[in-house]
Amino acid sequence: MDAPESFMLRAARWLAFASSVAIVVGIAPSQILLGMALAALLLSREKLQLPPIKLPLGLFLLGTLIAIAFSGNVVAGLPQVKKIYVFFQLLVVFSLLRNMAMIRWLFLSWAAFGSVSAGLSFVQFARKVQQAHAAGSNIYNYYVGERITGFMSHWYTFSAEEMYVLIMLGAFLFFAPEARKRMWLWLVVAAVSSLGLLLAETRGVWIATAVGGLYLLWFWRRWVVMLAPILIAAGILFSPNVIRERFTSILKPTKLDSNDFRTVTWRTGLRMIERHPWLGLGPEMPRIHFDEYVPADIPRPLPDGAYIHLHNIYLHYAAERGIPTLLVFLWLMGRVLWDFQRGLRALPRGRDDRRFLLHGGIAVVLATLVDGVTNVNLGDSEVLTMFLVVVACGYLALEKDVPLELPKSRQEVPAAA
């Protein structure tokens, strides 16, 4: 029989759980709980463990620090040094959440809080519609520049969080053995979060969520994938005008939601990379030196848009940290996909918590890579935290010594979802 856990280890475990869940509510409570979990883990003297991605992850962080050191403005790069703290989420989750019952409840808690955040966004949307009517403005024109945020401070963060919530909930419903219990409840939760994501009108996240969802559907019921274009077309056709206009703008953008500013950021990023291919300009430097690298043939004033980063994670990492660090990042993402796919091939047929975590992990990585074409998504601490939680739990699914349930003597969460 296993020896009972010490109080400090048990506290560390639940603090890691709480930190991982709290990120759907806000970054501050999550990071405070992360610090407490890390301190409790160290005091418990439990073995510190990381997934087998230590080499690419370490090289990526090292590349970041080297780029800062050679940037000529170390102070400006300090926010990226501070952001290394977020990566401790990977450590505490992988070291402490070593049973499937707790992991299952983590993602179901994400779903619950994600739906509450989406519910709050409905109230925000209704207020914005009222404000548009009071101002005598077109709803779409009024809304697109200041959208719903749920618990978050920006609509992009809200959208990306809801994307991860929905992907992991979808993986649970398709592949987890416990999904058949209270199925109706989780379908309602999924519907609420889906509507919140739709109303947030973040087009890159829409596309990325569709890619992740299609991956899950392919491995659940392939014939359903064939119906997806019909369902999407019907959804666009019968959606409110404010949503339909946003879908249409993907192919035919208006001046209000034009992608011209992304063309400017991408071309500018390429010039930065051409001039600084090895170490980049340094973290935070593309924002500071942006005007110096704008191609001469781009007319001024620049199109309306946010020029705080390059709106493409691949260009941004290469411009900030150099091409070698970008390649290490791609190696890291590819290694996760390879390991999770290999783990899936080793599983027996049928519903399995490990299958749900591995398929969900692959779908999240694919969605993140697709979303990264138009957003510097992992530069957002909330998004990065959720991504690291998913990766850590996927690698826990590959560990043969991680039990499906807590030992009966200290079973502290319900066994059924």
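Quick notes
Here is a yes/no grid of residues against (1) more than 23 Å from Gln89 (Cα to Cα); (2) of a type outside the set (A, V, I, L, M):
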residue	(1), (2)
Pro301	yes, yes
Ile313	no, no
Leu330	no, no
Phe356	no, yes
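- Tally, over the stretch 76-92, of residues that are over 16 Å from the mean Cα position of the chain (by Cα), closer than 18 Å to Ala22 by Cα and either open to solvent by less than 10 Å² (accessible area, probe 1.4 Å) or not hydrophobic (A, V, I, L, M, F, W, C) (or both): 2
- Helices (runs of 4 or more DSSP H) contained entirely in the stretch 239-301, each with at least 1 residues that are more than 30 Å from Pro324 (Cα to Cα) and over 25 Å from the mean Cα position of the chain (by Cα): 241-248
- Contacts under 7 angstrom Cβ, first residue in the stretch 37-49 being within 22 Å of Asp401 (Cβ to Cβ), partner assigned to a helix (DSSP H, G or I) and open to solvent by 50 Å² or more (accessible area, probe 1.4 Å), 6 or more apart: Ala40/Met8; Ser44/Met8
- Qualifying residue in the stretch 73-90 (condition: in contact with a Gly (Cβ under 9 Å, 6 or more places away or on another chain) and of a type in the set (Gly, Ala, Ser)): yes
- Qualifying position, being farther than 16 Å from Gly379 by Cα, at pLDDT 95 or above and among the polar types (S, T, N, Q), among Thr268, Thr248, Thr263: Thr268
- Single match in Val370, Val364 (criterion: within 16 Å of Glu161 (Cβ to Cβ) and either part of a loop (DSSP other than H, G, I, E, B) or under 15 Å from the mean Cα position of the chain (by Cα) (or both)): Val364
- Counted residues, the stretch 348-360 - those being surrounded by 13 or more Cβ atoms within 10 Å (Cβ to Cβ) and out of contact with any Cys (no Cβ under 7 Å at 6 or more places or on another chain): 9
- Scan the stretch 94-138 for residues that are among the basic types (Lys, Arg) and over 22 Å from Tyr164 (Cβ atoms) and the total you get is 2.
- Selection within the stretch 109-149 - of a type in the set (Val, Ile, Thr) and either closer than 14 Å to Val25 by Cα or assigned to a helix (DSSP H, G or I) (or both): Val116, Val123, Val129, Ile139, Thr149
- Residue check, Leu106 part of a helix (DSSP H, G or I) and more than 30 Å from Ile273 (Cβ to Cβ): yes
- For the stretch 290-300, the criterion of being of a type outside the set (A, V, I, L, M, F, W, C), more than 24 Å from Arg104 (Cα to Cα) and crowded, with 16+ Cβ neighbours inside 10 Å is met by at least one residue.
- In the stretch 233-246, residue surrounded by the most Cβ atoms within 10 Å (Cβ to Cβ) [restricted to those that are in contact (Cβ under 8 Å) with a residue 40 or more places away in the chain and closer than 15 Å to Gly196 by Cα]: Arg246
- Scope the stretch 1-58; condition of a type in the set (Lys, Arg) and surrounded by 18 or more Cβ atoms within 10 Å (Cβ to Cβ); matching residues: Arg13
- So Val383, is it part of a helix (DSSP H, G or I), at pLDDT 95 or above, open to solvent by 20 Å² or more (accessible area, probe 1.4 Å) and not small (Gly, Ala, Ser): no
- Scanning the stretch 126-183 for residues that are among the aromatic types (Phe, Trp, Tyr) and closer than 27 Å to Cys393 by Cα gives Phe151, Trp155, Tyr156, Phe158, Tyr164, Phe172, Phe174, Phe175.
- Only one of Ala76, Ala16, Ala67, Ala39 that is of a type in the set (A, V, I, L, M, F, W, C), within 20 Å of Ser381 (Cβ to Cβ), touching a Lys or Arg at 6+ places or on another chain (Cβ under 8 Å) and part of a helix (DSSP H, G or I): Ala67
- Selection within the stretch 319-346 - surrounded by 15 or more Cβ atoms within 10 Å (Cβ to Cβ) and either among the acidic types (Asp, Glu) or not in a helix (DSSP H, G or I) (or both): Glu320, Gly322, Asp339
The values are calculated or read from the model by the stated rules, or taken from the named source; none is laboratory data. Note that the coordinates shown come from a computational prediction; the quantities given were computed from them, not determined experimentally. Methodologically, a virtual Cβ is constructed for each residue, glycine included, from the backbone with ideal geometry; neighbour enumeration extends over all protein chains shown. Side chains included, ligands, DNA and RNA excluded: accessible areas come from the protein's heavy atoms. Shrake-Rupley method; radii C 1.70, N 1.55, O 1.52, S 1.80 Å.
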